[in-house]
Structures are given as structure tokens and as C-alpha cells.
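**Student:** Just passing along the structure, written as C-alpha cells.
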Amino acid sequence: MTATITAPARENAAGHAKPSKRRQGKKRSLPLTILLWLCALYFLLPLFWLFIASTKDNSDLFSTFGLWFGNRFSLWDNVVSVFTARDGLYLRWALNTVLYAGVSAIGASLVATMAGYAFAKYTFPGSRVLFSLTLGAIMIPLTALALPTYLLFNAASLTNTPWAMILPSLVSPFGVFLMRVYAADAVPDSMIEAARVDGAGEFRIFWQVSFRLLGPGVVTVFLFALVATWNNYFLPLIMLNTSSLYPLTVGLAQQQAASAAGGGAQALFSTVITGSLISVVPLIIAFLFLQRYWETGLATGGVKE
Amino acid sequence: MATSSLPAAKPAGATRVRRASASKRRQTTAAYLFVLPFFVVFATMLVIPLGYAGYLSVFKSQLIGGLSFIGLDNYLRAFTDPEFLGGIGRMVIFLLVQVPIMLGIALGLALALDSGRAHGSKALRLLYFVPYAVPGVVATLMWGYLYGPDFGPISQLFRAVGLDAPNLLDSQSILGSTMNIVTWEFVGYNMIILYAALRSIPAELYEAAAIDGASQYRIAWSIKIPAIRPAIMLTVIFSIIGTFQLFNEPSLLDAIAPTAITNGFTPNYYAYNIAFVNQDVNYAAAVAFLLGALIAIISYVVQLGTQRSERKQRKAAR
């Protein structure tokens, strides 16, 4: 991927409209508006179904129309059963998810920020080769990598531990790329130079001067690493085999498989569905509140590549 | 903060040179220390696993005699393995059908939102993106219920108007059903990348065309789309990588449609089944390795192709 740098992307990428682009007196189109909102329905439909289904008990789930409320409103009963079933195993999965995703995301964004910053702000022998290596690694499909990583961890007896989930999630070549592009503009060379003149060491400059300016970039890399680990299914599926170590994805999938196989536990269906609903809420909220950041991040990657 | 002491930065003559070189050395050391953590995880979590998988893939494990070296036999076996080739074929169909549909919708939505002619653009942008925050596991689970032949709302609607409900989970329609799930998950993500690129086009580029009376479609086709070529390429490459590593969807649909999803439905699912169901780690390593190589080659060829056509265009424009 050659980096053809197109210049002034930051402000508008961050979601603020560019002044010169203010739509002056452009007329809104009603047909277009209707069409676009119909498209939005397609994206919302499954989530709407998920919410409706979470309010039904098991008999309503299979006897009433799927896209409207049933005879009884049992959302609360379902939530209670999600958290109490099997001695609160769901809560355990949720905490595991937070732990794996949180630690991985903090680690990955820190590691990527330092590397990206160094590539952007220092000239050192071998930097070009190392950076090309990083760019090439973006191409390596993570899922295809999961199996080899499992084989290695298995040989080192590291499977079935939290490390098996966290360590492989620390690699974020795309994060390094993103931070390099971001740091190049966000940290002025003159500021680093001035701090050096003041006698600050390189690490102090990084922590006390540059890191603050890199904030939005760091949050972006953090958020995407968080989502990648939070939503990961393949890696924990192969790495972990104790149900108390599962994250939500694997736990829910196994519960779903158990109820589909009809293992005598009919009540499971509504529990799986409500559990799924609860599991998607935190990330959707995070995305709503941090819209400014992830739009910047995707913009930086998409525009500058 | 440090501007006041700037003049002090210019001591005269030799000391200056010596100090500069010492400081340069310190900077180089610091730079290496900054990139060190990344390359440590890079080596241990990426290079070594790949190397180890490559090593495993040239062996065969037997009940009698343990590991034996078999060279490239596992790779030759993959090339004649109908299940593996079937999975690859299915992914090629996926690439030719689902990826253009998904990226076409994403581009259309991005252009529509960028034109600023719809009410509530900001809310729409968010709504389209929401599926990206939903784990693939939950997405597949939801669509699985929606597809359900007995109690799924789609079937219920068909029956309500007196029609025979299509079975969306039989072996004929499962590929299409999977395509729909993946499209639902990733249209928004691609749309945001393209939208961000559109926002960064200098308005002057097409304002003149608009004044000259060019239609919105004309502007989109002749000015906006060529201008965001790099972003479009990025989404194409990411989609190629994503397609060949499909795993969540077939693996979860297998529970509700066991006859439609075969062990080799996607190459990645096949590698998983070889490793964990057949317990043939060596062959699984070869399949994973081959898959990675295939993705790299296709991405590279696609990139090379576009670079060449771009160069041609530039020449023609001159």
C-alpha cells in the first residue's frame, strides 16, 4: 500500500464540515431522504427484532409474530435469568470480555503509539525497512494467523489462560500506520526541539509533551483494538476450553448451540437472546459517544493510504 | 513553554557539533526503544507462529513412528482436496458477488450522505455504522432466528400473505443468506471510510462543475469517485482479506443448518475442522499457510492492477 498523502484531511475528517463546503442553499430531496431512511431500516431490523425478542418469554417467542411484542412483557424476568443462570456464569463471561478487551486495547494502543511516533518523528537507520515490514503485516489476515498462534501456544502450554487471548491481540500493524500518519501532523517538530533545548530527555518529551497531542489518535487505536478483541470469536474459541474463562462471544455461541440442539432446556432460548442484547449495548454506547474519534481514525486510514 | 530559552540553543563552534552528535545518538537510541515493544510482539505473535506453522506443515504425524518429514505433500494434498477447493470456489463467488454489492451500497450511501440532500444525515451515518459494533456471533445469531423456517419473522410474513415461505437455511440458499449477514455487518464500516474520503475532496473541484450545470450523478461519476480511488482500493483490499477468512458465520450457522454447512464451507472453517475435529494439525497448518499466501497474492495482484490502470489513465490525460 503506497502512502499517497493527500493534504488537508484532518478537520473535515473529524466530522466538522469545512467552511468552504457549507452547503449554500442546497435543496433537500424528499425521495432521497425516504430512500436513505428505508436503508436505515434494514440495518436496524435485526436489532429491533433482538429487542422485541428479549421482552418475550419462551412460549411467546415461538407463538407470536417476531417483529412485535408478545402477550407478556418479560424483559425483566429474562434479564434476571441471564444473570442468575448457571450461578451467574454470564457475569463471569462479561467480566472476562472486559478484561481481555481492556488489557489488549490498552497494550496495543500504547505499543502502536510509541512505534508510530518514532516512525513519524525520528530518523534512524532501518526505519524504512521496519516500516515497510509493518505495512506488509497489515495484509496478513488475523484469523488465518490464529491457528498458527494456537499451535505455537499449545506447544508452549500457554493455551487456556487469559494470556492466550491477550498476547496475540497486542499486535496492531494498522494502529502503527495510523499513529505514524497522525503523529506526523499532530506533534510539531519545533515543540520537540524546544523541549530538547530545555534539557528534557526523549522519554519525558514523549510522555509529557507529545502524548497529550496524540490523544485523539490514541483513543482511535484504542477503540478499534477494543472492538477487535471484544468481538473476537475464533481466537478464544480455539485457545480456551474452560467455560469460566470464556468471553461473551464464545459463551453465547455455546449456549445457543446447546439450546438449538434442544438439550432439554427450552428456557435457554430467551436467555441467549437477552444475553446477546445486553452484550451489544456497551459497544454501541461507546461508539455513539466517541463518534468524533472513530470517524477521525477511519478517515486518516482511508484518506491517506 | 520553551521558547524563551531558544537563543541558548546556539552555542558556538565545536561544542555545538559535539553536542549535536551526542544528542543525535541519544535520539536514535530512543527511537529504537520506542519501536522495540512493537517489534517484540510482532516477532513473537506474528513471525514465529507463521514460521512454526510452516515448519509443522512439512511433517506428517503417524500413530506408528511419530512425526515424519513429507516435504510439500500436505500442500499437494490441499490442491487436490475437493473440500478445500470447494471452499475456495465458494469464496471466489463471494468475492465476485457479495463484495461488489456491499461496496456498491456503501459507495452509494456515502455519496448520498455527502451530497447533503437528505434530512438527518448525521443520524443516518450512525445508524448505518451500528452493525459494526455488533459482534459477528450476535449478528449471525440474530439473522439465524430471522431466517428460521418455522418461527422466523420472514417466514411468518410469507405465510401471512398466503405464500410458501422460502427455506433460507437449506443448502441452495445458505450462501446467499451468509452474504446477506456479511453485507449487513460491513456496509457501514466501508461507508464511513468512503464518506471520510469524500469529505476531504476540495469543494472547488466540483463547485465549478456544478455551476456549469453538471448533474449530481455526473459530478459523482466523473469527479468524486476518481478522487477517492485510494479509499475505494482500501475497502476492496480489506474486503478481500475479510472474505477469505470468513469463520464466525458458517461456524454458528452450522448449529441451526447442519446439513447446509459442510465442514469445508469456507477455507478457514475447514482449517479449523481439520485441526480440532480431525486432529490433523500438520495438514491444518498447511491449509492455513496456503490460505494466507492466497490472500496476499490476490491483494497484491489487485493493487498492482489498479496502479497500472491509474498510470495508464494519467498518461491518457496528459
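Readers should treat all values here as calculations from the given coordinates under stated rules, not as data from a laboratory. Since this is a predicted model, take the numbers as computed values, not measurements. Cβ coordinates were reconstructed from backbone atoms using ideal geometry, including for glycine residues, and neighbour counts include every protein chain displayed.
**Student:** For chain A, what does -39500 (n - 2.57) per DSSP helix run (n ≥ 4), summed and divided by total residues, give at 222 nm, in deg cm²/dmol to the nearest 500? Can you show the working numbers first?
**Tutor:** Numbers: 15 runs with 201 residues, N = 305.
Counting only the DSSP helices, I get -21000 deg cm²/dmol.
**Student:** Within a 10 angstrom radius of the beta carbon, how do A:Trp68, B:Trp143, A:Trp49 rank from fewest other beta carbons to most?
**Tutor:** Numbers: A:Trp68 9, B:Trp143 25, A:Trp49 19.
Exposure proxy ranking, most exposed first: A:Trp68, A:Trp49, B:Trp143.
**Student:** Let me ask something else about it. Counting other beta carbons within 10 Å of each residue's own, what order do B:Glu249, B:Glu204, A:Glu295 fall into, fewest first?
**Tutor:** Working: B:Glu249 25, B:Glu204 9, A:Glu295 21.
Lowest to highest Cβ neighbour count: B:Glu204, A:Glu295, B:Glu249.
**Student:** Just to be sure I understand: if I project the alpha-carbon convex hull of segment B:153-214 onto a plane and average over all orientations, what area do I get in nm²? Spell out each step's value before the answer.
**Tutor:** Numbers: hull surface 31.6 nm².
Directional mean of the projected Cα hull area for segment B:153-214 stands at 7.9 nm².
**Student:** Using 7 Å Cα-to-Cβ label points, what is the A:Ser243/B:Thr259 separation (nm, one decimal)?
**Tutor:** For A:Ser243 paired with B:Thr259, the spin-label model returns 3.0 nm.
**Student:** If one computes the Cα centroid of segment B:126-169 and of segment B:26-62, what distance in Å separates the two points?
**Tutor:** The distance from the Cα centre of segment B:126-169 to that of segment B:26-62 comes to 42 Å.
**Student:** Assuming R0 = 56 Å, can you tell me the calculated FRET efficiency for the pair B:Gln313 and A:Asn71, based on Cβ-Cβ distance, to the nearest 0.05? List each step's numbers first, then the result.
**Tutor:** Values: r = 63 Å, r/R0 = 1.12.
That pair, B:Gln313 with A:Asn71, gives E of 0.35.
**Student:** Run the quick spin-label model on A:Arg212 and A:Met191: label points 7 Å from Cα toward the beta carbon, then report their separation in nm to one decimal.
**Tutor:** Going from the A:Arg212 label point to the A:Met191 one covers 0.8 nm.
**Student:** Another question, if that's okay. Hey, what angle do you get for helix A:291-304 against the long axis of chain A, alpha-carbon based, 0 to 90 degrees rounded to 10?
**Tutor:** 60 degrees
**Student:** Now, a different point. Assuming a ≥ b ≥ c are the square roots of the Cα gyration tensor eigenvalues, decide whether segment B:76-317 counts as rounded (a/c under 1.5), prolate (otherwise, with a/b larger than b/c) or oblate.
**Tutor:** Working: a/c = 2.66, a/b = 1.39, b/c = 1.91.
Verdict is oblate for segment B:76-317.
**Student:** Find how many whole Å separate the alpha carbon centroid of segment B:240-289 from the alpha carbon centroid of segment B:178-222.
**Tutor:** 36 Å
**Student:** In addition: Which of rounded, prolate, oblate describes segment A:39-97, given a ≥ b ≥ c as roots of the alpha-carbon gyration tensor eigenvalues and a/c under 1.5 marking rounded, otherwise prolate only if a/b is larger than b/c? Could the numbers behind the result be given before it?
**Tutor:** Working: a/c = 3.35, a/b = 1.40, b/c = 2.40.
Oblate, since a/c reaches 1.5 and b/c is not below a/b.
**Student:** If you don't mind, there's one more thing I want to ask. Per q in 0.18, 0.19, 0.20 1/Å, what log10 I(q)/I(0) does a Debye calculation on the alpha-carbon atoms of segment B:23-101 return?
**Tutor:** Rounded to two decimals, the profile gives -0.91, -0.94, -0.97.
**Student:** Something else: Angle, helix A:75-84 long axis vs. longest principal axis of chain A, Cα atoms, 0 to 90°, nearest 10?
**Tutor:** 80 degrees
**Student:** With N residues in the protein assembly as shown, what two-decimal value do you get for its Cα radius of gyration over 2.2 N^0.38 Å?
**Tutor:** Numbers: Rg = 26.3 Å, N = 623, 2.2 N^0.38 = 25.4 Å.
Computed over Cα atoms of the protein assembly as shown, the ratio equals 1.04.
**Student:** Still on this structure, I have one more. Considering only Cα-Cα distances, which of the following residue pairs are longer than 27 Å: B:Lys122/B:Lys224; A:Lys121/B:Lys122; A:Lys27/B:Lys224? Present the calculation step by step, with values, prior to reporting the outcome.
**Tutor:** Details: B:Lys122/B:Lys224 20 Å; A:Lys121/B:Lys122 35 Å; A:Lys27/B:Lys224 20 Å.
Beyond 27 Å: A:Lys121/B:Lys122.
**Student:** By Kyte-Doolittle mean hydropathy of at least -0.5 and Cα axial length of at least 27 Å, which whole DSSP H helices of chain B are selected? Spell out each step's value before the answer.
**Tutor:** Numbers: long enough: B:13-42 (44 Å, 0.26); B:82-114 (46 Å, 1.68); B:174-199 (37 Å, 1.02); B:281-317 (54 Å, 0.49).
Taking the DSSP H segments of chain B (at least 27 Å long, mean hydropathy at least -0.5), we get B:13-42, B:82-114, B:174-199, B:281-317.
**Student:** Now, a different point. Determine, for B:Leu291, A:Leu213, the number of other Cβ atoms within 10 Å of each Cβ, and report the residues in order from fewest to most. Intermediate results must be reported in sequence, preceding the final value.
**Tutor:** Details: B:Leu291 26, A:Leu213 15.
So the residues, fewest neighbours to most, are A:Leu213, B:Leu291.
**Student:** Which of rounded, prolate or oblate describes chain A when judged by the alpha-carbon gyration tensor and an a/c cut-off of 1.5?
**Tutor:** Details: a/c = 2.54, a/b = 1.44, b/c = 1.76.
In terms of gyration-tensor shape, oblate.
**Student:** 5 Å is the cut-off here: which amide hydrogens, built 1.01 Å from N in the peptide plane, fall below it relative to B:Phe59, excluding neighbours closer than 5 in sequence?
**Tutor:** B:Ile70
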